[in-house]
Amino acid sequence: MRKLFRKNMPLQEEQLDTLKPEDLKPKLEKPAFNAKILIFGIPVFMVQLVVVYFVTANILMKRFESNAQVKNANVSSDSGQINSTNNDSAVDYGKYIYSIDDIIVNPADTDGKRLLLTSVGLDVAKPEMETDIKTREPMVKDAIISTLSSKSIDQLDDTAYRDTMKTEIIKDLKRLMPTVSINNVYFSKYIIQ
């Protein structure tokens, strides 16, 4: 007890000269291992991981998938891909495709430093419509170029946005050629530089 009491007492001036640098450093005791961390902390952490996994997998992913399905349904219902007189079973997709090759476009806000090289296929309902498109090919190319050049690089690079561009192309072509029924638009080549 006396030793402990003397250790915590302030030092006298005579004793200061005899001190070594090691004596001046405070001696820290190492904390003892806490078993409570093992017993409670790790199981609580594991339970949290499992809860986060199930919340992400079951709740958030279902919401994401349902939002994607609603978005796809809205795009296909607004696209005007099929005439109102035809139903899905009557339309023969991919039978008559008119191809327009190597369209080069400068995207919006690029000052001509970036390019989009694309080839477009127009899926039509009847072979006569292919000849209508062929006779009006400069108008068709102009409509496609106008639609694509109005888009930014971010929009052109976004694969999900391509369906929106296809819809816009179909609407523009329907406005130019009301007698031609375009079922779908296909990009057979799509290169951004």
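Taken together, the values in this text are just the output of simple stated rules run on the coordinates, not laboratory data. Keep in mind that what you see is a predicted model, and the values were worked out from it rather than measured. Cβ coordinates were reconstructed from backbone atoms using ideal geometry, including for glycine residues, and neighbour counts include every protein chain displayed.
Numbers below:
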| item | result |
| --- | --- |
| Contact order relative to length of the stretch 96-192, as percent, for alpha carbon pairs under 8 angstrom and 6 or more apart | 39 |
| Around Ile192: net Lys/Arg minus Asp/Glu count, Cβ-Cβ under 15 Å | 0 |
| Trypsin sites (Lys or Arg not before Pro) within the stretch 97-193: DSSP coil, no more than 14 neighbouring Cβ in 10 Å | Lys113 |
| Full-extension gain in nm, Lys134 to Tyr190, via 0.36 nm per residue minus C-alpha separation | 18.0 nm |
| 19 Å Cα-Cα threshold exceeded, pairs from Lys126/Lys189; Lys141/Lys171; Lys151/Lys171; Lys113/Lys151; Lys141/Lys174 | Lys126/Lys189 |
| Residue list for the stretch 150-190, given a label point 7 angstrom along the Cα-to-Cβ vector of Ala108 and an amide N cut-off under 12 Å | 150-156 |
| Qualifying chymotrypsin sites (Phe, Trp or Tyr not before Pro) in the stretch 87-146, DSSP loop, other Cβ atoms within 10 Å at most 15 | Tyr93 |
